[in-house]
Amino acid sequence: MAKLPKHIQKYRITQKIEESNYAIIYEVNDPDGKPVVLKIARENKAEYNELITREFQILAQFKHPNIVPVFDYDITDDGRAYFILEYIIGKSINKCFEDFSEDFIAVIIQVINGLGAFHNKGFIHSDLKPEHILYNINKKKAVL
C-alpha cells in the first residue's frame with residue numbers, strides 16, 4: 001500500500017476516503033484548518049485530468065441545497081488536476097436507512113430535486129448510487 005502524502009498543494013491530508021478508477025478522494029484541512037474534501041486525478045494522465053476538470057466545471061455551475069458545493073480547482077506540481085468539495089457531515093444513505101419510512105421518502109425527494117437541477121441544465125449524473133448520496137441525520141438533508 002502506498003504511503004499517504006502529508007500535503008497536496010496548500011491542503012494537509014488527514015485521511016484517504018476512497019479511490020476510483022481515475023481519482024483519489026481525501027479528507028484534508030484547508031490553510032485555515034477547516035476540513036474539506038480534495039478530489040485529485042490518480043495520475044498525471046490527460047484522460048484523468050479531463051474527467052476531474054469536467055466534473056469541477058459541471059459542479060461549479062450549481063448552488064443547490066442537495067448538490068455538494070465545489071471550489072478551488074488547480075493543477076499540482078506533478079501535473080494532476082484537483083478540486084475541493086465542501087466537507088459534508090453525514091453517512092451514505094445505505095448506512096442510514098434500513099426500512100421504508102417518511103424520512104426515507106423525504107431523502108428521496110431531496111435526491112430527485114438535486115437530480116432535477118442537473119437535468120434542467122442538460123446534465124446526467126452518471127455515477128448515482130447510494131454510496132454517493134450523503135445524508136446528515138441531524139439536519140435531515142441529503143446531498144449528491
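Residue by residue, here is whether (1) modelled with pLDDT of 95 or more; (2) surrounded by fewer than 13 Cβ atoms within 10 Å (Cβ to Cβ); (3) closer than 25 Å to Asn136 by Cβ holds:
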| site | (1), (2), (3) |
| --- | --- |
| Gly33 | yes, yes, yes |
| Ile52 | yes, no, no |
| Gln57 | yes, yes, no |
| Asp72 | yes, no, yes |
| Phe83 | yes, no, yes |
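What do you reckon, is Val68 open to solvent by less than 20 Å² (accessible area, probe 1.4 Å) and either in a loop (DSSP other than H, G, I, E, B) or touching a residue at least 60 places away in the same chain (Cβ under 8 Å) (or both)? Spelling it out, Val68 is indeed open to solvent by less than 20 Å² (accessible area, probe 1.4 Å) and either in a loop (DSSP other than H, G, I, E, B) or touching a residue at least 60 places away in the same chain (Cβ under 8 Å) (or both).
Checked against (1) among the aliphatic types (A, V, I, L, M); (2) more than 29 Å from Asn44 (Cα to Cα); (3) open to solvent by 60 Å² or more (accessible area, probe 1.4 Å); (4) in contact with a strand residue (DSSP E or B) (Cβ under 7 Å, 6 or more places away or on another chain), Val107 meets all criteria but (3).
Flag: Val28 does not match the condition of being out of contact with any Gly (no Cβ under 6 Å at 6 or more places or on another chain), under 30 Å from Gly122 (Cβ atoms) and open to solvent by less than 40 Å² (accessible area, probe 1.4 Å).
Residues that are among the acidic types (Asp, Glu) and farther than 17 Å from Ile24 by Cβ within the stretch 55-102 comprise Glu86, Glu98, Asp99, Glu102, listed in sequence order.
The values are calculated or read from the model by the stated rules, or taken from the named source; none is laboratory data. Note that the coordinates shown come from a computational prediction; the quantities given were computed from them, not determined experimentally. Backbone-built Cβ (ideal geometry, glycine too); neighbour counts: all protein chains shown. Heads up: the accessible areas ignore ligands, DNA and RNA and are worked out on the full protein's heavy atoms, side chains in. Shrake-Rupley method; radii C 1.70, N 1.55, O 1.52, S 1.80 Å.
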